[in-house]
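Heads up: the structure comes next, in structure tokens.
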Amino acid sequence: MNPPPSPPRAWAEIDLSALRENLHTARESAGCAVMAVVKAGAYGHGLEEIARALAEEEVVFFGVANVGEARRIAEAGVTTRIYLLGATWAEERQEIVARGWTPCISSLDEARHFNSLAFMHKSRLKVHISVDTGMGRGGFVAEGLPAILNEIEGLPNLEIEGIGSHLSSADEDEEFTLGQIAKFAEILQSLGGAERFAWRHLSNSAGLLGYGREHCNLARPGLMLYGVSPLATHPAQLKNVMSLKSRVTLVRDLPAGHAVSYGRTFVTAKPTRVATIGIGYGDGYPRHVSGHGAEAFIRGRRFPLLGRVTMDQLMVDVTDSEVAEGDEVEMFGPNIRVDEVAAKADTIAWEILTGITPRVVRVYV
């Protein structure tokens, strides 16, 4: 007789209705078509499930980081167009051409190689030109771009469908961001005007929430789809999508003067009721919150973490409560926002979400 399956010690509840509401908010904020950015496993939420859900909402493109992510979406039966957000290896390009995915082009060598591969496949590949307005990560710089574009347009098996750039500091530096937007407009003008390109895109989540969208007809929301605003000053109008949860595995009474966790960084000052929770940094909950006021939400209350987060477990002070073994625990979600956890770990919400490890079961609701 097989034993019953063990329930997960840590799981992430993914609210697909909240995801759809956030997409609606992104569309309203952008006032144009949307490329849903689903790279890094849809920011840790589960690539295939999120792609299937958003495909039903008729987004124009899915933005991915690499061919492996593109392949997973295609093999999940999703037919939404796939856009590769960064440069590609030469060895990957034949599959891109064969499957008709859309690359961004940052060099003439890339363009020529794609053109030769498209010729071999007897196809005409749609590509977007990437321009560097200040990110410094990829794309053509403005100088000499008109001549470069003319050369690419002369490659018979490529169709220049769009042009895009990326905002580096839209959540931090308004002046620099406005300069990037102006630079993008100047580039479009130097290339003959916006109407030369079917798709023009610049704004990430912070860009479309905080700035105008002149000259663009496509936005690339990422973080905001998953319920987090990259702008601290922006009104909270996004719905929480991921809730990271666990359970209380043990409750004990410790005397005064008793250390808790590695390194003895916390010692009880008085008799303390301590609950052990079955989640740790091996699940992606950040160790760096240790000693910085992080909390867990149990039975409608917040309780402070004690000592260091360990690989598989952490401890909280549940003195003067009815917390018991088996109780459900929210580590972040609607009651403790992920950006609060990120601040206590001295990092960003992007890193927390994408760092939730595979052993955390994703449950879609």
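Just one of Gly68, Gly46, Gly77 is surrounded by 18 or more Cβ atoms within 10 Å (Cβ to Cβ), within 30 Å of Leu19 (Cβ to Cβ) and not basic (Lys, Arg); which is it?
Among Gly68, Gly46, Gly77, only Gly46 is surrounded by 18 or more Cβ atoms within 10 Å (Cβ to Cβ), within 30 Å of Leu19 (Cβ to Cβ) and not basic (Lys, Arg).
Does any residue of the stretch 282-293 turn out to be crowded, with 18+ Cβ neighbours inside 10 Å and either of a type in the set (S, T, N, Q) or over 30 Å from Lys39 (Cβ atoms) (or both)?
Within the stretch 282-293 (the criterion being crowded, with 18+ Cβ neighbours inside 10 Å and either of a type in the set (S, T, N, Q) or over 30 Å from Lys39 (Cβ atoms) (or both)), the answer is yes, since at least one residue qualifies.
Filter the stretch 149-164 for residues that are over 16 Å from Thr102 (Cβ atoms) and either crowded, with 17+ Cβ neighbours inside 10 Å or in contact with a Phe, Trp or Tyr (Cβ under 6 Å, 6 or more places away or on another chain) (or both) and give the result.
Scanning the stretch 149-164 gives a single hit, Leu149.
Can you pull out the residues in the stretch 313-365 that are acidic (Asp, Glu) and either in contact (Cβ under 8 Å) with a residue 60 or more places away in the chain or in a helix (DSSP H, G or I) (or both)?
Of everything in the stretch 313-365, those that are acidic (Asp, Glu) and either in contact (Cβ under 8 Å) with a residue 60 or more places away in the chain or in a helix (DSSP H, G or I) (or both) turn out to be Glu325, Asp327, Glu328, Glu330, Asp339, Glu340, Glu351.
With the stretch 13-60 as the region, which helices (runs of 4 or more DSSP H) entirely inside it contain at least 1 residues that are on the phi > 0 side of the Ramachandran plot and out of contact with any Asp or Glu (no Cβ under 7 Å at 6 or more places or on another chain)?
Answer list for the stretch 13-60: 39-44.
Among the residues of the stretch 249-259 satisfying the criterion of being outside any loop (DSSP other than H, G, I, E, B) and not β-branched (Val, Ile, Thr), which is surrounded by the most Cβ atoms within 10 Å (Cβ to Cβ)?
Among them, the one singled out is Leu254.
Could you identify the single residue in Ser246, Ser290 that is polar (S, T, N, Q) and touching a residue at least 40 places away in the same chain (Cβ under 8 Å)?
Ser246
Run down Ile163, Ile181, Ile152, Ile129 and say which single residue is touching a residue at least 12 places away in the same chain (Cβ under 8 Å) and over 27 Å from the mean Cα position of the chain (by Cα).
The conditions single out Ile152.
Suppose the filter is in a loop (DSSP other than H, G, I, E, B), more than 28 Å from the chain's Cα centre (by Cα) and surrounded by fewer than 20 Cβ atoms within 10 Å (Cβ to Cβ); does Pro146 pass it?
no
I'd like the full set of residues that are in contact (Cβ under 8 Å) with a residue 40 or more places away in the chain, crowded, with 17+ Cβ neighbours inside 10 Å and of a type outside the set (A, V, I, L, M), limited to the stretch 166-178.
Across the stretch 166-178, the qualifying residue is only Asp171.
Could you check the stretch 260-282 and list, in sequence order, the residues that are over 30 Å from Pro7 (Cα atoms) and in a strand (DSSP E or B)?
Once the filter is applied, which keeps residues that are over 30 Å from Pro7 (Cα atoms) and in a strand (DSSP E or B), the stretch 260-282 yields Phe266, Val267.
None of the figures in this text is laboratory data; all of them are computed from the coordinates on show. What you are looking at is a predicted structure, and each value in this text was computed from that prediction instead of being measured. With ideal geometry, Cβ positions are generated from the backbone for all residues, glycine too; neighbour counts draw on all protein chains shown.
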